[in-house]
Amino acid sequence: MGSMFPETLTTERLRLERACREAVDVDEFHRIRSSDDGIESVAEYLPWEPHDTRAETVALLDRIEREWETGEVARYFVRPNESEPNAGELAGVAKLDVDRSRRAGSLGIWLRKRFWGRGYSGERAGALLDLAFDRLDLAVVEVIHQDGNDRSRQAIERYLETYGGSYDGVLRNWRAHGDVVVDAHRYTITAEEYADAAVEAGEYGRSISNAD
């Protein structure tokens, strides 16, 4: 199943490469996940806490590789390309969860704080939506953000204007987050909405391409 995922995806400004040990320095990845500048802000609305030990980071990479091989989750390291500041640096991690029984996917991303505000979330979404609909033949892709995460909400609303989709509503008591239980907000894009948006924009107007 994992072979269904392309090793790399490219956009106008980004290169997304398969997340695995071979593609990253483990110690550097641990530093980013544990003590990178702004990591507490990055993790504030995410289902993980900054890592305390290197072993946690190694275990995460092991899980990422297993989920790729089973076809459950495609995770990619996000790196700006040569046209961008900080070209080649690890900017964050993007993922597409796949539920083949429902022909459904779910998008996710986290970016280091120094890379916020560049519009990378939308470009990454375009690449993973193309993967979901054009390569994996999924019927619907969801995007969920925790209540209060206005940065994610704004990013999602912006790229839905480009790629189609709609707001579905509130997910009550969606997840335990620390000592509290939080709500979330769900958006979905169907294959038909994505295709219609592509026609409206022009096949090449979205500047998304893939590379094996």
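For the subset of the range 25-84 comprising residues that are part of a loop (DSSP other than H, G, I, E, B) and in contact with a strand residue (DSSP E or B) (Cβ under 7 Å, 6 or more places away or on another chain), which member is least open to solvent (accessible area, probe 1.4 Å)? Step by step, filter the range 25-84, then rank; the result is 71. Quick check on the range 143-150. Is at least one of its residues in a strand (DSSP E or B), open to solvent by less than 40 Å² (accessible area, probe 1.4 Å), in contact (Cβ under 8 Å) with a residue 24 or more places away in the chain and in contact with an Asp or Glu (Cβ under 9 Å, 6 or more places away or on another chain)? The answer is yes, given that some residue of the range 143-150 is in a strand (DSSP E or B), open to solvent by less than 40 Å² (accessible area, probe 1.4 Å), in contact (Cβ under 8 Å) with a residue 24 or more places away in the chain and in contact with an Asp or Glu (Cβ under 9 Å, 6 or more places away or on another chain). List the residue pairs whose Cβ atoms are under 6 Å apart, where the first residue sits in the range 69-92 and is closer than 18 Å to residue 22 by Cβ, the second is at pLDDT 95 or above and surrounded by fewer than 15 Cβ atoms within 10 Å (Cβ to Cβ), and the two are 6 or more positions apart or on different chains. Qualifying pairs under 6 Å: 79/88. Among the candidates 124, 153, 114, 158, the residue that is closer than 25 Å to residue 61 by Cα, open to solvent by 60 Å² or more (accessible area, probe 1.4 Å) and in a helix (DSSP H, G or I) is uniquely 114. Among the residues making up the range 9-24, those that are surrounded by 15 or more Cβ atoms within 10 Å (Cβ to Cβ) and not in a loop (DSSP other than H, G, I, E, B) are 9, 10, 11, 14, 15, 16, 17, 18, 23.
Within the range 161-206, the set of residues being within 19 Å of residue 128 (Cβ to Cβ), open to solvent by less than 20 Å² (accessible area, probe 1.4 Å) and out of contact with any Asp or Glu (no Cβ under 7 Å at 6 or more places or on another chain) comprises 163, 189, 194, 197, 198.
The values are calculated or read from the model by the stated rules, or taken from the named source; none is laboratory data. Source: prediction; values computed, not measured. Cβ atoms come from the backbone with ideal geometry, glycine included; neighbour counts cover every protein chain shown. All accessible areas refer to the heavy atoms of the entire protein, side chains included, with ligands and DNA or RNA removed. Shrake-Rupley method; radii C 1.70, N 1.55, O 1.52, S 1.80 Å.
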